[in-house]
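Below is one structure, written out as structure tokens; comments come after it.
The values are calculated or read from the model by the stated rules, or taken from the named source; none is laboratory data. Just so it is clear, the structure is predicted and the values come from calculations on it, not from any experiment. Positions of Cβ are backbone-derived with ideal geometry, glycine not excepted, and every protein chain shown enters the neighbour counts. Remember, those area values only see protein heavy atoms, side chains included, never the ligands or the DNA or RNA. Shrake-Rupley method; radii C 1.70, N 1.55, O 1.52, S 1.80 Å.
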Amino acid sequence: MSPADGQQRDGFPPDFLWGTATAAYQVEGAPAEDGKGRSIWDTFSHQPGRITHGDTGDVACDDYHRFADDIALASRLNAGGYRFSISWPRIQPDGRGSANPAGLAHYSRLVDTLLEHGITPMVTLYHWDLPQALQDKGGWATRDTADLFAEYAGIVAGALGDRVRKWITINEPWVIANMGYRWGEHAPGIRDAEQATATTHHLLLAHGRATAAVRAAAPAGTGRAGAAGPGGAAATEVGITLNMTHVYPADPAKPADRELAADVDAEINGVFLGPLVEGAYPARLGAEYVPGPQIARDGDFGIIQAPIDFLGVNYYAPHIVGVREDGIYRRGDTPMGRGYAVFTHPDGIPVTAMDWLVHPEGLYELLVRLRNDAPDLPLYITENGAAYDDYVNTDGTIEDTERIDYLRGHLRAAHRALTAGADLRGYFAWSLMDNFEWSHGYSKRFGLVFVDYGTQRRIPKRSAEWFADVAGNNSIPAD
Ligand code: FCB
């Protein structure tokens, strides 16, 4: 109950971490400043036909120069946490060798600025901007990249680990492997099933090796979540962020739909959860997704299973899948390219500007499922949010009521999952501000804060006020 207005509210646990999130290539700009090397996204975004409207991240939100103002903005949203990523080629322009001091200095200032505002930094070491020099040698399809990633992780943890306690090794390995190497829709734009499967495995290996490297390099001491570091300081926590979903059969009464849902679940969720939690790829994963013995070598699962302190979950939408055995597709079906299997968009379920389903129940199902499938692992929602076609009214306001509905629905689902026993420790809204949305360029706006790209003016949307109220009161309005 909030005494101010008498409105009923549902509270979150006392230490619940509310935050906003960004990623380096999506916000920074400054692609060649202070000795930064080229990344695969610098290359890819400049290739004709790759990105909507030919957009690139060359300027983006100019956050490389404006980070202090952007952090002040995040602080006004009552965000106690800020998740950002480090651009590997700013630290090692060619992906190997000694560190670029100017790159480290930038992120060191960023971390100090967060701490001055009382904001907990959550650092993602890899959010997709691989040094181009490493892609020239095969990128993630090459095993060496996993070793080099661990070296890079050690350098960063050595430089920032006295102040940063929360580390995410890799963001969304499924997207990297499949969008980047299987379907070519993201950098590096490769369409090769074998490379994609090798990438899946090497990303897992890179995660395991980097986890060990961060623990070894971070001066704050190690240990599983909750363990204190030297002098009672919070211990270093390391995790990985997976894009996870809940997969529903279109018709639960049809065995073919149920089988398909289980297959898709293995391809998106199980392919990473299995190795991380069980030390094996799921038995039902299709052969084309399982790396052969040349790639998955003896001892690898021991590395991949380096103990982690939390699992980061990015959740946006569920999948609803079915088999159209009659060969007749319905409105809203997207064929999967295997028989008559489709992703469906049933009537009555809203969609965002990305055409992603809005179905908060999927988040509840996922969080409750992780109670069993990732037991003992604290969870953070490291991304959740929605793109809508926002516009500025003549009075200067942005009334993004759909985004508020989206956030409210998903936070209510998260709250219900907490009540049902999910070990959820925090929630990071994607995103602090509108930014470069990968292959969609600037055409999709996910921010709580609107960015006028012509002037770089930031305008908090109505959802930013709503979020600030929720984060500031550690509670959501009851239904
Ligand atoms: C996720 C990415 C993030 C952002 C959102 C919308 O897949 O991790 O960078 O683009 O989607």
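What to note about this one:
- Per residue, the average separation of C-alpha pairs within less than 8 Å and at least 6 apart gives region 253-372 a relative contact order of 21 percent.
- Restricting the GluC sites (Glu not before Pro) of region 380-454 to loop positions (DSSP other than H, G, I, E, B) with no more than 16 neighbouring Cβ atoms within 10 Å leaves Glu399.
- Modelled spin labels at Tyr391 and Asp94, positioned 7 Å past Cα toward Cβ, are 5.1 nm from each other.
- Ligands, DNA and RNA left out, the accessible area of region 99-245 computed with a 1.4 Å probe is 51% carbon and sulfur.
- Once the chain from Thr419 to Gln294 is taken as fully extended at 0.36 nm per residue, the excess over their C-alpha distance is 40.5 nm.
- Karplus-derived 3J(HN,Hα), 6.51/-1.76/1.60, for each residue of region 390-404, Hz, glycine and proline x: 6, 8, 8, 6, 4, 8, x, 8, 10, 9, 8, 5, 5, 5, 4
- Based on C-alpha pairs under 8 angstrom that are at least 6 apart in sequence, the chain has a relative contact order of 17 percent.
- Inter-site label distance for Asp251 and Ala102 at 7 Å from Cα along Cβ, in nm: 6.3
- Cα pair distances exceeding 40 angstrom across the chain, given as percent: 15
- Every helix of 4 or more DSSP H residues in the chain counts as -39500 (n - 2.57), and over all residues that averages to -9500 deg cm²/dmol at 222 nm.
- A Cβ-based charge dipole, computed about the Cα centre of region 372-466 with Lys and Arg at +1 and Asp and Glu at -1, lands at about 160 debye.
- In a reduced charge model with +1 at each Lys and Arg Cβ and -1 at each Asp and Glu Cβ, the chain shows a dipole moment near 680 debye about its Cα centre.
- Within the shell defined by Cβ-Cβ distances under 10 Å, the residues around Thr56 carry a net charge of -2, with Lys and Arg each +1 and Asp and Glu each -1.
- Over 29 Å (Cα to Cα) - which of Lys254/Lys444; Lys36/Lys137; Lys36/Lys444 fall in this group: Lys254/Lys444
- Full-extension gain in nm, His53 to Arg76, via 0.36 nm per residue minus C-alpha separation: 5.0 nm
- On the basis of the beta-carbon distance and an R0 of 35 Å, Glu194 and Tyr453 show a calculated FRET efficiency of 0.35.
- Ordering Ala210, Leu114, Ser463 by Cα displacement along the dipole of the chain toward the positive end leaves Ala210 in first place; charges were set at the Cβ atoms of Lys, Arg (+1) and Asp, Glu (-1).
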